[in-house]
Every structure is written in C-alpha cells, then in structure tokens.
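Asker: There's a structure below that I have some questions on.
The values are calculated or read from the model by the stated rules, or taken from the named source; none is laboratory data. Source: prediction; values computed, not measured. Note that each Cβ is placed from the backbone with ideal geometry, even for glycine, and that neighbours are counted across all protein chains shown. Keep in mind that these areas ignore ligands, DNA and RNA; they rest on the heavy atoms of the full protein, side chains included. Shrake-Rupley method; radii C 1.70, N 1.55, O 1.52, S 1.80 Å.
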Amino acid sequence: MELLNREVCRVGLTAIDPSASSLPLEVNTRPGLSQIQWVAILEHDVLPHDKARDLIYNACYAYQAHPIDARRLDILLDSALGMASLHEAPPIPTLSCPDDDYHMVGESPVMQQLYRTIHKVAAAEAPVLITGESGTGKELTAHAIHAHSSRRHGPFNVVNCGALPSGLIQSELFGHEKGAFTGANQRKIGIIESSQGGTLFLDEIGDLPLDMQVNLLRFLENLKVFRVGGLQEIPVDVRVLAATHVNLEKAVDKGEFREDLYHRLNVLQVRTPALREHPEDIEPLARFFFQKFSAEKPSRVRGFSRDCTVVIRQHPWPGNIRELVNRVRRSMVMCEHRLITPSDMGLERRHRLSRDTDTLQQVRDMAESDAIRAALARNKHKVLHAARELGISRVTLYRLLEKHCIDKNGGSDDGETHDPSTSRFVQLTST
Ligand SMILES: Nc1ncnc2c1ncn2[C@@H]1O[C@H](COP(=O)(O)OP(=O)(O)OP(=O)(O)O)[C@@H](O)[C@H]1O
Ligand SMILES: [Mg+2]
C-alpha cells in the first residue's frame, strides 16, 4: 500500500488463499489503479473453492500454483506488463494551466486554433470579447487568457452581469463610500477596483442593464472608477474580458446593447466552438472528466464500454461540454459494472446506432428535436428567445416541445416520459 502511494504500478503479484473473494479493497478502488494486471500465486488446494476461482477468473491476468517456477513467473509478469501497456489510454491532449481545474482538453484543429488565439490575445492588453454557445468553455477560455498573460499573478475576478441584483450593480462593480446611501455603513471596494493588477471577467455582458453599460463604457475609456458617493477618481490597472452567448450585434440593432460599448469590448474576439464542431475531441474529453472524477472519489468503474464511445460520438451535445461533464458524472454514479454503458449516460433512447434503418420521417423528427434542444441550450432555456432564433412562434415551439417530450428547462434529458396533463407548456399553448 505504501508503494502504491508513491508509484504507478502496472502489474501486481498477489497471494490468494481459499477464502479470498476480492483483492484488497483499497487496491481496487484507488484512483488510477484500476488498470493493474494481477498475477496470482496460490496453493493447489485453492482452486476447488468457487470464491477464489471467481476472483482469479474475474480480477487476474494469470496465476501460478506452487511450487513456483521463477522462470515461468518471470515470463508471466513480463507478459502482464505488455498487456498493461496495451490498456493504457493515449495521453489526453491539453492546454495546460498551473491549476489542474483549468486544463483545456482537445486536440482537434478548432481547439488548436483556439489555443493559438488564447496565446495571442494573452500577450495583448486590449479587452477581449469571448463568444460561443452555452457550455462551450467561455469562462475556461477567459481563465486561460489570464493564466497565460503577464497578469497571471494578479487576481482573476468574475462578475456574472445577469445575476447582479439591479439595485446593487453600481456599488458591486464600483464600490461605495461610507454613508453613500442608507445602509452603506462602511466603505466597500468594488469588484473592478479589487481586480487591481489582474483580470476582470464580465460574464453574460449582454445582460448588463443599459444604464450600467454607460458607466462601464466610461470606465473602459479612462480605466478609473468613481466609488458611489466618492469624490475622486481612482485609477485601476485591470484587463477586461467579457463573454456572451447572445449575438451582441443583433442586440445592438435592437437597441438593447450600446454600440459604443460593443466596439470598445470587441477589440479582440475569441470564439469557443460548439462540441459538434469537434466531435474527435468528445472521447478524450469524456476520458479526461472520467479521470478527474475518479481522482476526486475512488470508483470501481474502469472506463467506457465500446458501445458507449460510439454513442457519445453520435449524440448532438446541445449543451456542449457542460452536458458532457454532467453526463460523465452521472454515469459514474449510475454504473453498476466495470464499464460505463450508454444507458448509464442516459443516452440509449436515441437509438443512434440503428440510424441507417430509420425512415425519412424519423430522421426529420430527430433533426427537429436536435435543433430545438440546441436552440434551447444556446438560449439558456428561454423559450421566447429560442423560438425567435428558430424563426417560429412561441406557441409553435411549445407544441414541438410537447411533441418531442422535451423538458424546456433541461432539454437534454432525452425524452423522459412526459405527462402532458401536468405540463406547463400545454397550459400556455391553450391560452
Ligand atoms: N476544452 C475544455 N476542456 C476541459 N473542460 C472544459 C473545456 N471546455 C469546457 N470545459 C468544462 O465544461 C464546463 C463548462 O465550461 P464553461 O463554464 O467555461 O462554459 P461557458 O461557455 O462559460 O458556459 P455558459 O455559457 O453556460 O456559462 C466547465 O466545467 C469547464 O471546466
Ligand atoms: Mg459561463
């Protein structure tokens, strides 16, 4: 056990007695050790015992009964080592980051392009606008820009512009002086000022109310803040990154977003690709999350079944990488075997594998359902916005949600049986 703490072991030699029904539990459940190839040594009288036989059959690569022939054992161990190296998955390609939680995985051309762009914009000081569908890694990208910039030793602060309570936005961002308003019992440093020397990430910038957009623009122009109730401007050395999943140009056209602020933020642009644009990365990403979660909580599960790797490539992933993270996490809880099956990931009901036998109508239905799920995910499950994007009325979208048994709030749970009598969207359709 001590050795296992210090070193990666690919082959293990274990002595099995007649009562043994499992290998030491810790060995089996310790993260990273599930690929060990075991060679058992035993007395001949062990073999008639069912439990021990099952154990050897299920958990061991080979066995040798006493008396031990060292030369034969040596050959067995060598061959087990060969098998262990076959089991080893190829390394997962990443954009590394000092903090393990921020590694970016993916080696496809679109991800390599993204890494190159991240490196380029990290070397600059101008604001960056990060665009991309929900769950594609916008926040991760913002962090990578910070981590590869000269500001990496400074703070990285995140503001979710859509989640700030409207009455407090001004003081949250810019801070306030003591007595600036009722309840301001002491001075508060705003998040912009506390990002001094670092990076400020304004997430969901499209949700920033118009009046705050003016204040933000003023700050971006002179990089100075006025605390609420303050008399002097305070210079802040901060780099601003912003992200949005809505089309800001359209928001500008509709008068919902200030054009001058848009141009000020949009000096450099980074787009995070949807997962369906780089399907070759789905499997490495799934393996990456699997290893990450196994390291957090030891699991007996060893990996994905072959069926599962086929099905995950065919799933449209409307919720992108966030959906993949959630499905891998769920599958590791649900899995009752050594390998994760499509049903553990909640993916079996789409019958993607038999697609070549589908009728044209089935293919159309599947495409319609995929497009709706993707539009809902892109629009944070706001039906009105999704309907607008799809070019249909809200009522029609509700009808289609019902037809495809899609839950508008979690669109990707694959057609859970749905009772129309309790559905909110049915009531809306009929009004
Ligand atoms: N390339 C990647 N490699 C590894 N993990 C990733 C990658 N891209 C995204 N993730 C993970 O996917 C999840 C979603 O990423 P993130 O929060 O950055 O997406 P987002 O675009 O900001 O989503 P949203 O629009 O919903 O806010 C996170 O857990 C993140 O760590
Ligand atoms: Mg985000």
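Asker: Determine which single condition Val225 fails, assuming it passes every other condition in (1) more than 16 Å from ligand 1 (Cβ to nearest atom); (2) in a strand (DSSP E or B); (3) under 28 Å from the mean Cα position of the chain (by Cα).
Answerer: (3)
Asker: What pairs can you find where one residue is in segment 122-142 and more than 9 Å from ligand 1 (Cβ to nearest atom), the other is part of a loop (DSSP other than H, G, I, E, B) and of a type in the set (A, V, I, L, M, F, W, C), and their Cβ atoms are less than 7 Å apart, with a gap of 6+ or different chains?
Answerer: Cβ pairs passing all conditions: Ala126/Val267; Pro127/Val267.
Asker: What is the number of the single condition among (1) touching an Asp or Glu at 6+ places or on another chain (Cβ under 8 Å); (2) more than 12 Å from Leu173 (Cβ to Cβ); (3) of a type in the set (Phe, Trp, Tyr) that Phe257 does not meet?
Answerer: All conditions pass for Phe257, except number (1).
Asker: Could you tell me whether Gly319 is farther than 30 Å from Glu125 by Cβ, open to solvent by less than 60 Å² (accessible area, probe 1.4 Å), within 18 Å of the chain's Cα centre (by Cα) and small (Gly, Ala, Ser)? Before you say what the answer is, go through the steps one by one.
Answerer: Working: farther than 30 Å from Glu125 by Cβ: yes; open to solvent by less than 60 Å² (accessible area, probe 1.4 Å): yes; within 18 Å of the chain's Cα centre (by Cα): yes; small (Gly, Ala, Ser): yes.
Against the criterion (farther than 30 Å from Glu125 by Cβ, open to solvent by less than 60 Å² (accessible area, probe 1.4 Å), within 18 Å of the chain's Cα centre (by Cα) and small (Gly, Ala, Ser)), Gly319 qualifies.
Asker: Might you let me know whether segment 334-348 holds any residue that is in a helix (DSSP H, G or I), modelled with pLDDT under 80 and surrounded by 13 or more Cβ atoms within 10 Å (Cβ to Cβ)?
Answerer: Yes, some residue in segment 334-348 is in a helix (DSSP H, G or I), modelled with pLDDT under 80 and surrounded by 13 or more Cβ atoms within 10 Å (Cβ to Cβ).
Asker: Identify, from the list Glu139, Glu125, Glu107, the residue that is within 16 Å of ligand 2 (Cβ to nearest atom) and either at pLDDT 95 or above or of a type outside the set (Phe, Trp, Tyr) (or both).
Answerer: Values: Glu125 fails: within 16 Å of ligand 2 (Cβ to nearest atom); Glu107 fails: within 16 Å of ligand 2 (Cβ to nearest atom).
Of Glu139, Glu125, Glu107, the one residue that is within 16 Å of ligand 2 (Cβ to nearest atom) and either at pLDDT 95 or above or of a type outside the set (Phe, Trp, Tyr) (or both) is Glu139.
Asker: Test of understanding: among Ile145, Ile68, which residue is part of a helix (DSSP H, G or I) and more than 10 Å from ligand 1 (Cβ to nearest atom)?
Answerer: Of the residues listed, the single one that is part of a helix (DSSP H, G or I) and more than 10 Å from ligand 1 (Cβ to nearest atom) is Ile145.
Asker: Restricting attention to segment 253-307, report how many residues are among the β-branched types (Val, Ile, Thr) and open to solvent by 60 Å² or more (accessible area, probe 1.4 Å). Show your work before the answer.
Answerer: Pass one, segment 253-307, residues among the β-branched types (Val, Ile, Thr): 267, 270, 272, 282, 301.
Now drop any that are not open to solvent by 60 Å² or more (accessible area, probe 1.4 Å), which leaves 267.
Total satisfying the criteria: 1.
Asker: It is to be established whether one or more residues within segment 144-165 are modelled with pLDDT under 90 and more than 16 Å from ligand 2 (Cβ to nearest atom).
Answerer: Looking through segment 144-165, at least one residue is modelled with pLDDT under 90 and more than 16 Å from ligand 2 (Cβ to nearest atom).
Asker: Please enumerate the residues belonging to segment 235-287 that are outside any helix (DSSP H, G or I), farther than 30 Å from Leu339 by Cβ and aliphatic (A, V, I, L, M).
Answerer: Val236, Val238, Val240, Leu241, Ala242, Ala243, Val246, Val267, Leu268, Val270
Asker: Here's a follow-up. If Ile234 satisfies every condition in (1) closer than 30 Å to Ala386 by Cβ; (2) at pLDDT below 95; (3) out of contact with any Ser or Thr (no Cβ under 9 Å at 6 or more places or on another chain) but one, which is the exception?
Answerer: (1)
Asker: Go through segment 181-205 and report how many residues are part of a helix (DSSP H, G or I) and within 16 Å of ligand 2 (Cβ to nearest atom). Before the answer, list the steps.
Answerer: To start, the set of residues in segment 181-205 that are part of a helix (DSSP H, G or I) comprises 193-195, 205.
This time we only want the ones that are within 16 Å of ligand 2 (Cβ to nearest atom), so: 205.
Within segment 181-205, residues that are part of a helix (DSSP H, G or I) and within 16 Å of ligand 2 (Cβ to nearest atom) number 1.
Asker: Further, regarding this structure: Taking the options Gly154, Gly162, Gly167, Gly183, name whichever one is touching a residue at least 40 places away in the same chain (Cβ under 8 Å), more than 16 Å from ligand 1 (Cβ to nearest atom) and small (Gly, Ala, Ser).
Answerer: The match here is Gly154.
Residues are listed down the side, and each one gets a yes or a no for (1) out of contact with any helix residue (DSSP H, G or I) (no Cβ under 8 Å at 6 or more places or on another chain); (2) open to solvent by 30 Å² or more (accessible area, probe 1.4 Å); (3) not in a helix (DSSP H, G or I):
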position: Asp101; (1), (2), (3): yes, yes, no
position: Met111; (1), (2), (3): no, no, no
position: Ile118; (1), (2), (3): no, no, no
position: Glu125; (1), (2), (3): yes, yes, yes
position: Thr136; (1), (2), (3): no, no, yes
position: Leu140; (1), (2), (3): no, yes, no
position: Ser150; (1), (2), (3): yes, yes, yes
